[in-house]
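FYI, it's all coordinate maths here, none of it is from the lab. Bear in mind the structure is a predicted one, so any value in this text is a computation, not a measurement. Cβ placement follows ideal geometry from the backbone for every residue including glycine, while neighbour counts extend to all protein chains displayed.
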């Protein structure tokens, strides 16, 4: 709708229509994607060649993503250059789209799977040490990244039998609640429904006190801390040859409460298999030392497999211009 206090012009009308068309394409893409994810989650166990089934669906979804998100290739190009690569962009872009789409698809399938079937796709390394730390009653902070299938909280709850809370920002919280409130139960996003439960997420800027109390009671907090912070509120550190700032709240909390920190990653093993890897980090002398260790951990993951770091073209799209 045109704003009343803005002078009318054919150019402004064209701009409004252009944005309306983009929003409509985005909404249609989200609806179709949610329906397809749900249908695949329901029908997945009926297919004998499951890995091939997911790969084929990933090609279809990735192609649709390129057609509906016209600026995506430009953002991938920035990421490609940030990694220091100078040749083979088309192959890189296709692989990136295919693998990030595949991982998001796997996350939805995992959330749709019965608990007894998870062991077929996911193994856990470091589970015993994490559970031993929790049994001491001090609480644990688990730091991960937006790397691989986005189902860390589900796996920590179901496969490690932990009382875990995920720290999210207000935009993510709003998006989760929107996806979980579909009028059609059959097509509800199962991952969003899981995350929307009261015992799943805490919102940054709103629930910090609840988060600290949860850790003090011996609970576990999961934070995907690879999101950039402003220079005034974050701690500057070198990442992918750039000076960027990250939130140092997890490290302040860990040092103040004297609780252990674990680094967590979900690594693909091929043929639809994944390994949830939990490594105890530290001890750290101070926040700066802890931040450098975490950023080095994330950069190592990205260098190992840059195609499955799906935060790379979202939060970082402007950082790669520097």
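Annotations for the structure displayed:
- Whether the stretch 251-293 is rounded, prolate or oblate, judged on the alpha carbon gyration tensor where a/c under 1.5 counts as rounded: prolate
- Cβ crowding within 10 Å, taken as a proxy for footprinting-reagent exposure, orders 175, 112 from fewest neighbours to most as 175, 112.
- Euclidean distance between Cα centres, the stretch 278-322 to the stretch 107-175, Å: 19
- With the highest mean first, a sort of the peptides 308-315, 129-136 on other beta-carbon atoms found within 10 angstrom per residue produces 308-315, 129-136.
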